[in-house]
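Asker: Take this structure, written in structure tokens, and hold onto it; I'll ask about it next.
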Amino acid sequence: MQIVRQLGRLLLPVACPCGELDVRWCARCAALLAGPPVRAEQGAPRLDRLDGVPPVPVWALTPYAGPVRDVVVHWKDRGRADLDHLLGPALRRAAARLGPALSRAAHGSPGDAPLAVVPVPSTGAARRARSREPVAVLARAVAVGLHDAGIPARVVPALARRGSGRDQVGLGARARGRNLTGAVRMTRRGGRSLGQRSVCILVDDVLTTGATLAAAERTLERHGHDVLGATVLAATPPPRTSGQDGTASPRRTWAEV
Ligand SMILES: [Zn+2]
């Protein structure tokens with residue numbers, strides 16, 4: 001039996017992205033993704049709308065650090081599509097827990113139309129390199145989780161990336177806003193599917209600066225839709241950013257958010 005197992009390991013080596021052998025994912029990594037979802041928008045400087053409206057609420061399961069980073073990288077870019085079965089259920093449970101909060105936030109929205117779960121689009125180059133859209137898996141999981149919580153929801157892949165959004169660094173506030181909105185567009189099919197006025201929740205894998213998420217939010221709003229919030233697997237702990245005088249100014253850490 002021992003020999004068979006060793007042979008099997010040689011032929012089909014199995015390991016958690018963190019390095020633990022003989023399991024597709026380990027209990028420790030699974031525990032890191034067990035939530036509960038935590039508000040993370042304060043750590044994403046580019047979610048700042050610059051118009052006085054508070055940034056869109058973002059719920060994350062965990063900081064994007066340590067073994068979670070390995071799991072996400074292997075899942076997205078190293079062919080570990082089997083991790084769909086770890087990450088999807090994790091986000092499904094999170095969405096079910098968010099259900100009541102979203103339901104309250106959606107109060108007063110038009111009709112009883114299902115909540116539109118909108119994946120934040122990857123760049124065309126990333127999609128071609130992966131030959132799949134990992135975020136779509138997460139969006140489906142969120143829709144199912146909302147159903148679990150009694151909230152009708154449907155996935156609407158309404159958005160696409162436009163060219164290469166210029167980096168925000170060095171742009172003034174107004175140009176930054178224009179640049180943000182320009183990075184994401186509504187697809188014709190997405191527009192039809194969302195109809196006149198939908199209530200949306202955005203889904204992404206990792207929240208970093210928030211620039212793309214902000215662009216997605218703006219695009220939906222510009223087309224008349226309401227964005228209740230966004231949910232992501234993980235959020236980058238706030239970076240150390242350079243102050244105006246060029247010195248590094250530490251931002252708040254995840255734990256303090
Ligand atoms: Zn692990």
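Asker: Which peptide among 119-132, 65-78 comes first, and what is the full order, when sorted by highest mean count of other Cβ atoms within 10 Å?
Answerer: In descending order of packing, they fall as 65-78, 119-132.
Asker: Moving on to the next point. Take the alpha carbon atoms of segment 178-228, find their center, do the same for segment 135-155, and report the distance between the two centers in whole angstrom.
Answerer: So the separation of the two Cα centres works out to 17 Å.
Asker: Okay, next question. Could you put Ile3, Ile201 in order, starting from the residue whose Cβ has the fewest other Cβ atoms within 10 Å?
Answerer: Ascending Cβ contact count within 10 Å gives the list Ile3, Ile201.
Asker: For q values of 0.14, 0.20, 0.26, 0.28 Å⁻¹, compute log₁₀ I(q)/I(0) with the Debye formula on a Cα-only model of segment 19-91, without solvent.
Answerer: -0.53, -0.88, -1.22, -1.33
Asker: I want to check the label-to-label distance for Arg192 and Val38. Put each point 7 Å from Cα in the C-beta direction and report it in nm to one decimal.
Answerer: Inter-label distance under the simple model: 4.4 nm.
Values quoted throughout were computed directly from the atomic coordinates according to the rules given, and no laboratory measurement underlies them. Given the structure is predicted, the values throughout are model-derived calculations rather than measurements. Virtual Cβ from ideal backbone geometry, glycine too; neighbours counted across all protein chains shown.
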